[in-house]
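The values are calculated or read from the model by the stated rules, or taken from the named source; none is laboratory data. All values derive from a computational prediction rather than experimental measurement. Glycine also receives a Cβ, built like all others from the backbone with ideal geometry; neighbour counts cover every protein chain displayed. For accessibility, only protein heavy atoms count, side chains too; no ligands or nucleic acids. Shrake-Rupley method; radii C 1.70, N 1.55, O 1.52, S 1.80 Å.
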Amino acid sequence: MENLLAGLAGAAFTALAGLIGLVWNKRTEHKQWLRNQKVEVYTALLRQAHASSNSLDHYKATGEQKTPDNLDGVADSTNARLMIIAPYRVRHEAQLYMATLETAGRAQHIEDDELFQKWQVSRSRTYNSLETAIRKDLGTHERVRKSLKMRFWSVVYVFADPFHKWYYRRYGMAWVVKHPTRAMRKQMKQPLP
């Protein structure tokens, strides 16, 4: 009887582990599929943004209209898929970038050099924020890592800073000036060149 119960418990545990593995595998496959779709849509979006931007730059430089090949088809399909797949932050940044491009398409912005320069600054700023949103969504955003020593001192300084401010107000000098560290004392002893 005990062997039967142990066998049933083992079979139930194996079935449960298999079910959990199946669900886990399905979720992983879906995440990979979604990531691949996002990469494809984001690539098309950035290609569309570059083509539109280059077209306006070309028009400003030469005065002749340059239309990229199949841009309308790419724009329609990309924007439709973008609204389905991308999170709100990426959609918002993409809409801001497209609005910036549409603003520059007006004749008065292209003819006036000062307005065109302001637009170029705005374009680069919105493009950078769009690229950052895409990188964060895909998990490829480059973060600047602080060393452990820097993180430690940034925490310590939060507690030491009020004391240093009080000391400076009271004595008119920083703590390290009145109480120099060993390295500062060593440097002070060295003769000037």
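Mind checking which residues of segment 157-177 are at pLDDT below 75, surrounded by 10 or more Cβ atoms within 10 Å (Cβ to Cβ) and not in a loop (DSSP other than H, G, I, E, B)?
Result: Tyr157, Ala160, Asp161, His164, Trp175, Val176, Val177.
Can you spot a residue in segment 121-134 that is within 27 Å of Tyr42 (Cα to Cα), at pLDDT below 85, part of a loop (DSSP other than H, G, I, E, B) and open to solvent by 40 Å² or more (accessible area, probe 1.4 Å)?
Within segment 121-134, none of the residues are within 27 Å of Tyr42 (Cα to Cα), at pLDDT below 85, part of a loop (DSSP other than H, G, I, E, B) and open to solvent by 40 Å² or more (accessible area, probe 1.4 Å).
For Thr103, state whether it is in a helix (DSSP H, G or I) and either at pLDDT 75 or above or crowded, with 16+ Cβ neighbours inside 10 Å (or both).
Against the criterion (in a helix (DSSP H, G or I) and either at pLDDT 75 or above or crowded, with 16+ Cβ neighbours inside 10 Å (or both)), Thr103 does not qualify.
Yes or no: segment 14-29 includes at least one residue that is part of a helix (DSSP H, G or I) and either among the basic types (Lys, Arg) or surrounded by 14 or more Cβ atoms within 10 Å (Cβ to Cβ) (or both).
Scanning segment 14-29, I find at least one residue that is part of a helix (DSSP H, G or I) and either among the basic types (Lys, Arg) or surrounded by 14 or more Cβ atoms within 10 Å (Cβ to Cβ) (or both), so the answer is yes.
Could you figure out which of (1) among the β-branched types (Val, Ile, Thr); (2) assigned to a helix (DSSP H, G or I); (3) at pLDDT below 85 isn't true of Thr67?
Result: Thr67 passes all but (2).
Only one of Asp57, Asp76, Asp72 is modelled with pLDDT under 80, under 16 Å from Thr126 (Cβ atoms) and open to solvent by 40 Å² or more (accessible area, probe 1.4 Å). Can you tell me which?
Asp57
In the set Met98, Met83, which member is surrounded by fewer than 17 Cβ atoms within 10 Å (Cβ to Cβ), modelled with pLDDT under 85 and farther than 18 Å from His58 by Cβ?
Met83
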